[in-house]
Amino acid sequence: SKKAINILDKLKYLDEILLEPLGITLKYLFIADICTWMNNNDESIKYYAKLIDMHPNDDWYAFAYVNLANSLIFAQKYDKALETLKEVELLIEKSPDNSHISIKYLIEFNKTLIFIKNKDIENAYLCISQMKNMDKHINADYVKYEYLLSCLYFCLNDIDNGFKWYYKQVEIDNKPCFNIIKDRWCNNARKDNRYIDLLKEMKLYEYWKDSL
């Protein structure tokens, strides 16, 4: 939308000389996230990389690596995405036990996407099975574990399982998961009539109906 583009432009041209390091970090993070949702992969890749360059050895910023890998996958740069995932695995391997369970889950999520995009369906389903057995009790508010499984199923065009796991997340949160509307990995869900029902549950059908 024009509003999002205007916000993005203001952020990009915000003078970094006037900002503390934390402000620059937030600038890069907001730009990368907005570009991700707008499917502007070149810019999201650029700003996630800038964020990593600012904090190369800080495992608190491990999320930037998995987000960068996700944008690289969408841009069909699978080898570079795998390199990025290996880097974040090395970054977090020395961390205390359980401190990065959510990051480990996101690493597996991205590896599974690569299998799907390479049409290695057998290994994709194997990874999904392994993800279901991973610990899901750390950072449950930040990482929507069941929702991520639904995204993978939607990418596989396994629509029934996609909605099954989406509604598992809804049951856990006791509210709709609005990410499905803008998430680039959920495009196949929008071809199904259940998506229209979902929009009606969210009271957003009238707003989105012309884009269906």
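The values are calculated or read from the model by the stated rules, or taken from the named source; none is laboratory data. Predicted model, so just to flag it, every value in this text is computed and none were measured. Neighbour counts are summed over all protein chains in view; Cβ atoms, including those assigned to glycine, are modelled from backbone coordinates with ideal geometry. Please note that ligands, DNA and RNA were not included when accessible areas were found on the heavy atoms of the full protein model with its side chains. Shrake-Rupley method; radii C 1.70, N 1.55, O 1.52, S 1.80 Å.
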Given R₀ = 35 Å, FRET efficiency for Asn157-His55 by Cβ-Cβ distance, to 0.05? 0.40
Can you tell me which of Leu156, Leu90, Leu29 moves the most in a GNM of the chain? Springs connect C-alpha atoms under 10 Å apart. Leu90
Fully extended contour minus Cα-Cα distance, from Ile17 to Ser129, at 0.36 nm per residue: 35.5 nm
Taking θ = phi - 60°, what integer Hz values does the Karplus form 6.51 cos²θ - 1.76 cosθ + 1.60 yield along the stretch 41-48, in sequence order, with x for Gly and Pro? 5, 4, 6, 5, 4, 4, 7, 5
Segment Asn6-Asp79, length gained on full extension (0.36 nm per residue, minus Cα span): 22.9 nm
For the chain, count the residues as N, evaluate 2.2 N^0.38 Å, and divide the Cα radius of gyration by that value, please. 1.05
With label points set 7 Å from each Cα along the Cα-to-Cβ direction at Leu212 and Lys191, the distance between them in nm comes to 1.6
Percentage, to the nearest whole number, of Cα pairs in the stretch 112-212 over 17 Å apart: 52
Calculated from DSSP helices alone, with each H run of at least 4 adding -39500 (n - 2.57) and the total divided by the residues of the chain, [θ]222 nm to the nearest 500 comes to -20500 deg cm²/dmol
Cβ-based net charge around Glu89, under 13 Å, with every Lys or Arg adding one and every Asp or Glu removing one: -1
Multiplying the sequence separation of Lys86 and Leu26 by 0.36 nm and subtracting their Cα-Cα distance, what value in nm do you get? 19.1 nm
Most mobile of Asn157, Asn188, Asn133 in a GNM of the chain (Cα contacts under 10 Å): Asn133
With a 1.4 Å probe and every protein chain kept in, tell me what percent of the accessible surface of the chain is carbon plus sulfur. 51
Vicinal HN-Hα couplings computed from phi for the stretch 26-34 (Karplus, 6.51 cos²θ - 1.76 cosθ + 1.60; Hz; Gly/Pro x): 5, 4, 4, 5, 5, 5, 4, 5, 4
Between Glu16, Glu87, Glu146, where does the largest GNM mean-square fluctuation fall for the chain, given springs only between Cα atoms within less than 10 Å? Glu16
Decide, for the stretch 5-99, between rounded, prolate and oblate: order the square roots of the alpha carbon gyration tensor eigenvalues as a ≥ b ≥ c, take rounded if a/c falls under 1.5, and otherwise choose prolate if a/b is larger than b/c, else oblate. oblate
Projected label distance in nm at Asp42 and Lys94, using a 7 Å step from Cα toward the beta-carbon: 3.7
Once the Cα gyration tensor of the stretch 66-108 is diagonalised, what are the square roots of 5 times its eigenvalues, in whole Å and ordered largest first, as equivalent ellipsoid semi-axes? 21, 10, 6
Can you list the HN-Hα couplings for the stretch 147-160, worked out from phi with the Karplus curve (6.51, -1.76, 1.60; θ = phi - 60°), rounded to whole Hz and with x for Gly and Pro? 4, 4, 4, 4, 4, 5, 5, 4, 4, 7, 6, 8, 5, 4
